[in-house]
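Contents: one structure, followed by commentary.
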Amino acid sequence: MVVILEFALPSPRPLPVTVEANLLKEEPRMKRFHVNVSVSDLQNSVRFYEQLFGQEPTMLKDDYAKWMLD
């Protein structure tokens, strides 16, 4: 069973990226951080993370729970 945690993290600052046409583009300002955690008791883990994050999972299946946090 797996608990999946996904966080939106701000980039420290936008960085220019040079493209072939010598035009400048900015990287996205938000990055996603993804964590998988194997657990032996999914129901207890879901209760723990619901209290920690103050919200229910974004997706809950028989063998995994997923939170997408901003």
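Cβ separations smaller than 8 Å between residues 6+ apart or across chains give the following pairs from segment 43-64 residues that are closer than 17 Å to Met1 by Cα and without any contact (Cβ under 8 Å) to a residue 12 or more places away in the chain to residues that are open to solvent by less than 60 Å² (accessible area, probe 1.4 Å) and in a loop (DSSP other than H, G, I, E, B): Glu50/Pro57. Annotation: Leu5 fulfils all but one of (1) modelled with pLDDT of 75 or more; (2) touching a Lys or Arg at 6+ places or on another chain (Cβ under 9 Å); the unmet one is (1).
Of all residues in segment 35-70, those satisfying the criterion of being open to solvent by 80 Å² or more (accessible area, probe 1.4 Å), closer than 21 Å to Ala8 by Cα and not in a strand (DSSP E or B) are Phe48, Gln51, Leu52, Glu56, Thr58, Asp70.
The values are calculated or read from the model by the stated rules, or taken from the named source; none is laboratory data. It should be emphasised that the depicted structure is a prediction, and the values quoted were computed from it without experimental measurement. FYI the Cβ positions are ideal-geometry reconstructions off the backbone, even for glycines, and counts take in every protein chain you see. For accessibility, only protein heavy atoms count, side chains too; no ligands or nucleic acids. Shrake-Rupley method; radii C 1.70, N 1.55, O 1.52, S 1.80 Å.
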